[in-house]
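Please read the structure below before turning to the comments.
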Amino acid sequence: MDKKNTMLLTVIAVATLLVAVVGATFAYFAISTDQGASSKTTITGTTPENVSSAVALTGSKTLKLTLSAENMSSANKGHYFYATESGTPGEETLASTPKSHLVTVGTATLQGGAEGSTYECKAQYKVTVLKDGAGEVNEGNISDIEFTEDDEAVLFLYGEDTSVTVPTELNSEDAGLKLSDIITAGESGKTGEVVFKLVSNGSSVNKSLKAALQIKNSEQQQEGRLAGKTFAVNLEATSFTCDAVKAE
């Protein structure tokens, strides 16, 4: 009788352990990290039940656009200038084409994990304008510049594809954020939550947030206002959280 009870208890214990292991395979997980105002670090985390997968966000970048006297001369009326990795402007005539001048400003990366598993990651972004031109020499404070509608000074934010969603607070109907509004917001900046959807392929998956900073040489008098100025827009990921939403 004692042997039968012992065997029964053993079977129950093994069955309980198997249920716990299977349950852990599909368990919910979340990671979250807050950064300081000046932090430039990569935010990382791991799934507690599946240490073979890890999520990271490289999420802070400063876009620079330096406009020369030549850029803002009458010979270049109607030209659009865009920020580049180096800060030297690119040039486009006659039309606003921000999607042709994108710079990667944030990348969410998923390493490992069961193939087909889906993770939804949310990054809170703050967008500010560095008033002194990010250390560049400017005549006067950037915040003193009076922009006009004709300047078309705008920051545009886009996801790499449909798996990256940019909130309307940061890019309403592809209209972007006016540089003047970002400056007015001051140190609080403009904020919004960018969503990255990551589907594991068993190796490495990357999804990016992209931006274009645009200023136009318009019919308005700009040589005294914009020429010789460096405009620096800082995009900072202040928090990052991830949830497992599906396992296939």
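Which entries of LYS77/LYS229; LYS122/LYS229; LYS99/LYS178; LYS64/LYS197; LYS178/LYS207; LYS64/LYS99 show an alpha-carbon separation above 23 angstrom in the structure shown?
Pairs exceeding the cut-off: LYS122/LYS229; LYS64/LYS197; LYS178/LYS207.
Once the Cβ-Cβ distance between SER204 and THR148 is put in as r, and R0 is 30 Å, what FRET efficiency do you end up with, to the nearest 0.05?
Details: r = 46 Å, r/R0 = 1.52.
After rounding, the FRET efficiency stands at 0.05.
How long is the gain from SER73 to THR184 if the chain were fully straight, where each residue apart is worth 0.36 nm and the alpha carbon distance is subtracted?
In short, 37.3 nm is gained.
Taking the Cα centre of each part, how many Å lie between segment 171-203 and segment 86-120?
Going from one Cα centre to the other spans 12 Å.
Tell me the label-point distance for the pair SER100, LYS131, using the 7 Å Cα-to-Cβ offset, in nm and rounded to one decimal.
Simple spin-label model gives 3.7 nm for this pair.
Where a number appears in this text, it was derived from the coordinates with a stated rule and is not lab data. Computed from a predicted model, the values in this text were never measured in an experiment. No Cβ is skipped: glycine too gets one built from the backbone with ideal geometry, and neighbour counts run over all protein chains shown.
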